[in-house]
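The values are calculated or read from the model by the stated rules, or taken from the named source; none is laboratory data. The structure displayed is predicted, hence computed values, not measured ones. Reconstructed Cβ throughout: ideal geometry from the backbone, glycine too, with neighbour counts over all protein chains shown.
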Amino acid sequence: MWAAARPEVGFPRLPGESDYRAQRDGYADAVGSQPPAPLSVRGAGVIVAVQGAIGLVLAAILLIRGLGGADQRVVNGFGTAAWFALIGGAVLAAGGAMLVGRRWGRGLAVFAELLLLPVAWYLAVGSHRVLVGVAVGIIALTVLTLLFSPAAVRWVAGGS
C-alpha cells in the first residue's frame, strides 16, 4: 500500500500534497516545446555539420602524418591537428544542434562562417587558389544567408 501510493519514494502522499509527477511532466512539456527549426536553419545545419566533419578528417590526417614522421620544422602537425579537432568538433556539434532544432548551434555557426570569409579571401588572393577561395566564400555566404533569413531570425528570437 505504501509503495503503491508513491513508488518513487516509498511513502504515501500527504494530505494536501499535489501530484508532483503531473507538475513535473507539465513543466517538461512546457520547456521542451520549441517550434521546429525552419528549413533554412536545417539546411545550414547540414552544411555546417559537413564542415565540422571535414575539420575532424583533416585533424586525423595531420595526426597520422605527424605520427608517420612528417617534417615538423615548418608546421607542428600535432598542434594543428589539435586545433582542427577542437574547432571541427565544435562546428560539427553546432551543425548537429541546428539539425535537431537547438538554437545555441546558430551562434557557433555564424561565428565559424564569419571566420571562413577571410580564409576564403586569403585562399583566393594570397595563395592564388582562386577556385578554392571562391568556393569557400560562396559556401560561407550561403550559410550566413540561410542563418539570417527572416524565418531563421524569427525562430531564433523564439517565434514560430
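Structural remarks
- Among (1) farther than 18 Å from residue 152 by Cβ; (2) aliphatic (A, V, I, L, M); (3) at pLDDT 85 or above - the single one residue 97 does not satisfy: (1)
- Boolean, residue 134 is surrounded by 19 or more Cβ atoms within 10 Å (Cβ to Cβ) and either touching a strand residue (DSSP E or B) at 6+ places or on another chain (Cβ under 8 Å) or of a type in the set (Val, Ile, Thr) (or both): no
- Filter pass, residue 154 being assigned to a helix (DSSP H, G or I) and among the basic types (Lys, Arg): yes
- Test for residue 57: is it of a type outside the set (Ser, Thr, Tyr), surrounded by 11 or more Cβ atoms within 10 Å (Cβ to Cβ) and either within 27 Å of residue 157 (Cβ to Cβ) or at pLDDT below 55 (or both): no
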